[in-house]
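The values are calculated or read from the model by the stated rules, or taken from the named source; none is laboratory data. As the structure is a prediction and not an experimental result, all values here were calculated from the model. With ideal geometry, Cβ positions are generated from the backbone for all residues, glycine too; neighbour counts draw on all protein chains shown.
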Amino acid sequence: MISPLDLVIALAISILIASLAYWRGSLSKSGAAGALLVGSLTFGLGGWVWGILLGIFFVSSSLLSHFKEEEKQKAAEKFDKGSRRDIGQVLANGGLGSLIAFLSFFFPSPLWFPCFVGVMATVTADTWATELGTLAKKPPRLITTSQVVEIGTSGGVSPLGTAVSFCGGLLIGLSAGILSPETPVGLTAIAGGLAGLAGSLIDSLLGATVQQIYYCDVCQKDTERKVHKCGHETRPLRGWSWLNNDLVNLIASAVGGLIAVGLWLILQ
């Protein structure tokens, strides 16, 4: 059972983290409001272990977004949004986790926790791959055709990005096992690492095939933006008009959660 004091503490911690992230420039005003909602639900209804896993994702992602920021400027031109995350990005990465925490509280099941681990592993893996993979010395290749593409291209993968995505998922899995004495560390580590990697690759596959991508005729570059950084409007190039990067992240995290549950059941 969750006491009123636990909810108050969860709210206070969420306010503190969201405020610091806004002050540091990692969140916009809407992003801070989204982080407050996601953090309160996850901490308050999921419990401390769930909240800490969310915190590991958020803190590591925020730190990496500012790591060698100048070197990532060229790749950032292709991204729909910058490193200052808005509410759409927050909900795409943390919203499903908070929903799982809500469901686990009202409809208890031992499978909610591995599902949450898989979701957090995927969003961590994908964010790490994006933030560090763009620093790779060799250009990425499209996941569908192996064609060499520019750094930052949706669907582009690299050995560095793939390796760090697995490490991101592994960190979440290991942390989950260490923080939860009743769950085997090896089991959660494997589930987190593999689910995170798989979810990140699903994200890349969607980005290469059905995500909405635009083209700037002035700069002659593809981008996720409706208005390119040069200030000119872009035109649709490929993909479904309703499927932006936030929805791709959400779908990939859901797949990662399901994969983690499957691995959990098989390995147990």
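Would you call residue 18 buried (at least 21 other Cβ atoms within 10 Å of the Cβ) and modelled with pLDDT under 90? Judged against the criteria, residue 18 is a match. Got a number for residues in the stretch 208-227 being in contact (Cβ under 8 Å) with a residue 60 or more places away in the chain and crowded, with 21+ Cβ neighbours inside 10 Å? Residues meeting the conditions: 3. If you take the residues of the stretch 137-168 that are touching a residue at least 60 places away in the same chain (Cβ under 8 Å) and within 22 Å of residue 192 (Cβ to Cβ), which of them is surrounded by the most Cβ atoms within 10 Å (Cβ to Cβ)? Of everything passing the filter in the stretch 137-168, 168 is surrounded by the most Cβ atoms within 10 Å (Cβ to Cβ).
In the stretch 208-228, the qualifying residues are those that are touching a strand residue (DSSP E or B) at 6+ places or on another chain (Cβ under 8 Å) and not in a strand (DSSP E or B), and the one that is nearest to residue 166 (Cα to Cα) is 208. In summary, residue 62 fulfils each of the numbered conditions (1) hydroxyl-bearing (Ser, Thr, Tyr); (2) modelled with pLDDT of 90 or more; (3) farther than 22 Å from residue 188 by Cα; (4) buried (at least 18 other Cβ atoms within 10 Å of the Cβ) with the single exception of condition (2).
You will find that of 13, 52, 56, the residue that is under 27 Å from residue 188 (Cβ atoms) and modelled with pLDDT under 90 is 13 and no other.
Scanning the stretch 179-189 for residues that are part of a helix (DSSP H, G or I) and touching a helix residue (DSSP H, G or I) at 6+ places or on another chain (Cβ under 6 Å), which turns out surrounded by the most Cβ atoms within 10 Å (Cβ to Cβ)? The extreme case among them is 188. The residue that is surrounded by the most Cβ atoms within 10 Å (Cβ to Cβ), counting only those in the stretch 229-265 that are assigned to a loop (DSSP other than H, G, I, E, B) and among the polar types (S, T, N, Q), is 234.
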